[in-house]
Amino acid sequence: PGESLSQTIATAAGTRYSFSFWLGLHSGGKTPSYSFQANWDGGVLLSMNSATDASKADFDYRQFSYTVTATSASTTISFTNVNVPFSWTLDDVDVTALPVTTVPEIGTIGSAAVGGLLGLAALRRRRS
């Protein structure tokens, strides 16, 4: 049987977000057959399945964290799983806007450097 969980949240287009959650996988000692997906706005961030990820069978809570960018004023996050005969544990889903960082333009850095050098040259001339 498959299950899905989704929620549409308010976001700002172009804003970067930290999207994280904790996930555990427990088979109870049985041979697992599973698939799991975590999606941000329709894009797959995490995809696991027993056919290709046998090493990921049975694991305690593990945090998965991604940096994502919103493309509109609302974003849907979703989780989909198929698990036979065991269970996933999903907890502490968090979406946090990241601070905007600005990088000075090359022209600004160059102007500041030239201005600083001219100021040093003027000081040297006065002292001479």
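The values are calculated or read from the model by the stated rules, or taken from the named source; none is laboratory data. Here the structure is a predicted model, which means the values were calculated and not measured. Glycine gets a Cβ as well: all are built from the backbone with ideal geometry, and neighbour counts include every protein chain shown. When the accessible area is computed, the model is the full protein with side chains, heavy atoms only, and any ligands, DNA or RNA have been set aside. Shrake-Rupley method; radii C 1.70, N 1.55, O 1.52, S 1.80 Å.
Numbers for the structure displayed
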| quantity | calculated |
| --- | --- |
| Per-region count, the stretch 35-48, residues in contact (Cβ under 8 Å) with a residue 40 or more places away in the chain and open to solvent by less than 10 Å² (accessible area, probe 1.4 Å) | 2 |
| Sole exception among (1) at pLDDT 95 or above; (2) polar (S, T, N, Q); (3) part of a strand (DSSP E or B) for S4, by number | (1) |
